[in-house]
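As structure tokens, the structure follows; a few thoughts come after it.
Read-outs throughout are calculated quantities, based only on the coordinates presented, and are distinct from any laboratory measurement. Predicted, not measured: the structure shown is a model, and the values here were computed from it. Positions of Cβ are generated from backbone atoms using ideal geometry, with glycine treated the same way; all protein chains shown enter the neighbour counts.
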Amino acid sequence: MTIHTQGEAELARSALAAAAGRHFGRVAEIEGLVRQSGGASRQTWSFDALVGGRRHGLILRRDPPVNGKTDREQSVSIDRATEFRVLQAAHCAGVRAPEPLFELEPEDGLGEAYVMRRVDGTAIARKLLRDPPYAAARGLIAGQLGGIAAAIHATDTRTLPPLKRREAADHIAGLRRSLDLLASAQPVFELALTWLDRRKPRPLDNPLLVHGDYRTGNYLADETGVTAILDWELAHLGDPLEDLGWLCVKSWRFGAVDKPAGGFGSREELWDAYERASGRTVERARAHWWEVFGTVHWGVICLNQAWKHLSGSIKSMEHAAIGRRAVETEVDLLQLLKAEH
Amino acid sequence: MAQDRPTASELLTAIADFLREEAMPVVDRSEPRLGFQMRVAVNALAILEREGRLGPAADAREHRRLVRLLGREGTLAELNRELARQLRSGERDESDAALMAHLEATVADKIAIANPKWK
């Protein structure tokens, strides 16, 4: 295992030296290369490139050829090249996101991969919610997330690569397909999906860029609050309130249950900031619909993660254990449906 | 034939305590990523302990309620499949008080095993 990882790091180092050399137009030395994320697929590596006496703090995002994704995940997540172009468009539009620098070539041998600038901050919810250095930031994050969401949704869709359009009806059909594949009867999720189906919001005439995984854990923050939005692999075109609803799913409050906006503030704080920045009114019923949808969505993802282990596509205790978290969203759904008038 | 003490529940608790109190601090120092995995494992052992203690009675209650709600006999899996079918087709929905009482009770029993601290 260690030998394998060592070999992988060596391969990455020489490929990055060559690619960074091409990008910066002069010899690049690679230092401090470390793998950040745990999984076999969707890897993130951090490193410095020394170019002509200047040090660039960088991040490599790569997909090695192997993967253990379910069919559903393959159909919803975008490839690295598309992610790179979405990030370019969002960054150009002024979204607080890492600056994408260059893509690697197939002959570099790292699979699909690109490099972006490293941004300071932590994504670890537990630290942001409880550690003293972030005390002031905690009061700012909900409002900042509203403003940044508005900036994402204001990205000119003509600057984006081709993305799938995914509306309420597509999402519902996708989750029902997932439940059928899992072949385990899920009365609470079925109840919620029928509730959602009967109240589907009308698709927008002009669908907007939706981040698709806008939640605590997927952005970096420091003492000043949010520094960068990460994890763009579920980007698509659709209803912008999908992002706000997903952010409010109880699982992303990491214990701060009385603060629906990602564990940091009220829904109203989030919506007010969004309305100020976007100039659009947040329809309350539509926002609620997307929060209910997000809650079912996370529940089904939990079951899917467990299924990856159970089907043998990846062997992982962590994935297996997530299956037992699905019931948390059942509790949340019964609360949400009761709160509905 | 009955097994000797410790009971399944006592043995699971002993394993979880050992991992949490003795093994985890060592692993946290040497291999933080494994430390996280070990927390997941300890948590899963606690789920098994609660399931062993509370699961059979919870399943029996769920089965009794489903028989009454659906007005037919069947295994727990069969009855839940039938209920799921009715809910997808919209034959039943949240306006059905007996249905909602059943789901509330079932989810309360499930969360008491999977994560009693969830609220």
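Pairing the Cα long axis of helix B:97-114 with the longest principal axis of chain B, what angle in degrees results, from 0 to 90 and rounded to the nearest 10?
Taking Cα atoms only, the helix is inclined about 10 degrees.
Mean-square fluctuation check for chain A, GNM, Cα pairs under 10 Å: which of A:238, A:53, A:294 is largest?
Result: A:53 has the largest fluctuation of those listed.
For chain A, give the magnitude of the charge dipole about the Cα centre (Cβ charges: +1 Lys/Arg, -1 Asp/Glu; no others), in debye to the nearest 20.
On the way: 44 positive and 45 negative charges, 64 e Å.
Once rounded to the nearest 20, the dipole reads 300 debye.
Across peptide B:42-53, what mean number of C-beta atoms from other chains lies inside 10 Å of a residue's C-beta?
Working: counts 0, 2, 5, 0, 0, 2, 1, 0, 0, 1, 0, 0.
Mean inter-chain Cβ contacts per residue within 10 Å come to 1.
Too long at a 27 Å Cα-Cα cut-off: which of A:338/B:117; A:200/A:338; A:200/A:308?
Check vs 27 Å cut-off fails for A:200/A:308.
Determine the distance separating the Cα centre of the range A:211-239 from the Cα centre of the range A:316-336; give it in Å without decimals.
Result: 22 Å between the Cα centres.
Ignoring everything except DSSP H segments at least 4 long, calculate the 222 nm mean residue ellipticity for the protein assembly as shown; use -39,500 (n - 2.57) per segment, divide by total residues, nearest 500. Intermediate results must be reported in sequence, preceding the final value.
Values: 18 runs with 247 residues, N = 460.
Value at 222 nm, helices only, nearest 500: -17000 deg cm²/dmol.
Using alpha-carbon pairs under 8 Å, 6+ residues apart, how would you state the relative contact order of chain A in percent?
On the way: 605 pairs, mean separation 53.0, N = 341.
Here the relative contact order equals 16 percent.
Among B:98, B:13, B:36, which residue has its Cα furthest toward the positive end of the charge dipole of chain B, with +1 on Lys/Arg Cβ and -1 on Asp/Glu Cβ?
The one lying farthest along the dipole's positive direction is B:98.
Could you please report the charge total around residue A:220, scoring K, R as +1 and D, E as -1 over all other residues with beta-carbon less than 10 angstrom from its beta-carbon? Present the calculation step by step, with values, prior to reporting the outcome.
Details: positive: A:96, A:118; negative: A:120, A:222.
So the surrounding residues net to 0.
Neighbour counts of other C-beta atoms within 10 Å: give me B:100, B:1 arranged from fewest to most.
On the way: B:100 17, B:1 3.
Lowest to highest Cβ neighbour count: B:1, B:100.
Taking the Cα atoms only, what angle lies between the long axis of helix A:141-153 and the longest principal axis of chain A, rounded to 10 degrees?
Value to nearest ten degrees: 80.
What is the angle, in °, between the Cα long axis of helix A:2-24 and the longest principal axis of the Cα atoms in chain A? Nearest 10 is fine, range 0 to 90.
Long axis of A:2-24 versus the principal axis of chain A: about 80 degrees.
For the protein assembly as shown, what is Rg from Cα atoms divided by 2.2 N^0.38 Å, rounded to two decimals? Display every interim value, and only then the final one.
Values: Rg = 23.7 Å, N = 460, 2.2 N^0.38 = 22.6 Å.
Taking the Cα Rg and dividing by 2.2 N^0.38 Å, one obtains 1.05.
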